[in-house]
Amino acid sequence: MSLKQIQSSIAQDMRAVDEVIRSALYSDVVLIKQVAEYIINSGGKRLRPALVLMSAELFGPVQP
């Protein structure tokens, strides 16, 4: 299985991870919103959630 296939198999769940991060970092303060968007859009900190999602798929469907 190629990296692109792996990424596409968990893409929807990774978008859900982004939404959870967005909601956890929500603030009315503009600077905090900008920092949160930077964190989400930078693409970092995605290996652990990806590994968890792939591991969970081994045991059944993933429910975000």
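Read-outs: derived from the displayed coordinates by stated rules, not from any lab. As the structure is a computational prediction, the values presented were derived from the model and not from experiment. Glycine also receives a Cβ, built like all others from the backbone with ideal geometry; neighbour counts cover every protein chain displayed.
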Give the calculated FRET efficiency between residue 59 and residue 38 to the nearest 0.05, with a Förster radius of 35 Å applied to their Cβ-Cβ distance. 0.55
Which labelled figure in (1) 32, 29, 22; (2) 41, 22, 16; (3) 33, 23, 16 is Cα extents along the principal axes in Å, once derived from the coordinates: (2)
Angle between the Cα long axis of helix 30-42 and the longest principal axis of the chain, 0 to 90 degrees, nearest 10? 20
Packing-based exposure ordering (other Cβ within 10 Å, fewest first) of 21, 10: 21, 10
What is the order of 30, 35, fewest Cβ neighbours within 10 Å to most? 30, 35
So how tilted is helix 3-24 from the main axis of the chain? Cα-based, degrees 0 to 90, rounded to 10. 30
